[in-house]
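Reviewing the structure listed below.
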Amino acid sequence: MRKDDINVKEMIFTGLWIAVVTVVTMAVVIPIPLTQGYVNLGDAAVFLGAFLLGRKNGAIAAGLGSGLADLLLSYASFAPFTLVIKAGMAFIFGSFLILSAGKVKPGSKNIPFSRVLGIALATLLMAGGYYFAEWILTGNKVAPIVSIPWNILQGAVGGGIALLLMVAMGSIRMPARQTGGGNGSVEKKEGSLPESEEKIPPEGDACESQAVQNAEQDQDPRI
């Protein structure tokens, strides 16, 4: 498969996941009392995107999709902060997915602790990030404290949903056979040779084989 083909697939899947993040974020909206923010289920799509697309493309989809949802829901002032916070969440979780790579057997129902830790740290980033975002937007550093437990609850619920879906989906990745968090590299089976090197005997071995055949013909009395 050519690298150009892989890049096109990356763009397609990332674009589709931007739409998924936007729709899931807008599906359930609960305004947080005494603040300008709201609670949603978008974090499930944020974490799942890092699992499916890798941390780089997952972060792109999470940031753009969540920021677009803020714009469409009339929370435009939060959109720049959301873009950075959600992208950071996906990147953090994607980094912890790399740590757990190879530790989960196909079909296993176990959830590695590193994934839980990744969601926990990403959720803390969100809670702290939105606290400072609202502090900057309102100039009030007390009222935004109310949003912290709500954002932690949102991250925990979204992360739990994402972990359950990851177990159900197993080792699915998009694009297929892609590694390195969307850097365009393609997996190769261990011990396999590049296509250019397969089925081509070494020049030295070919010459040696031909010399042995010639020697046998010289010694054959029937010739």
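What follows is calculated from the coordinates using simple rules that are stated; it is not laboratory data. In this text, all values refer to a predicted model and were calculated from it rather than measured experimentally. Methodologically, a virtual Cβ is constructed for each residue, glycine included, from the backbone with ideal geometry; neighbour enumeration extends over all protein chains shown.
Structure values in brief
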| read-out | value |
| --- | --- |
| Backbone HN-Hα couplings from phi across segment 16-24 [Karplus 6.51/-1.76/1.60, Hz, Gly and Pro as x] | 5, 6, 4, 5, 4, 4, 4, 5, 5 |
| Chain lengthening between Lys141 and Val23 when straightened (0.36 nm per residue, less Cα-Cα) | 39.4 nm |
| Segment 3-186 - Rg over Rh from alpha carbon coordinates, Kirkwood radius | 0.99 |
| For Tyr38, distant residues with modelled amide H under 5 Å away | Ile32 |
| Inter-probe distance in nm under a simple model that places probes 7 Å from Cα toward Cβ, at Leu16 and Leu117 | 3.3 |
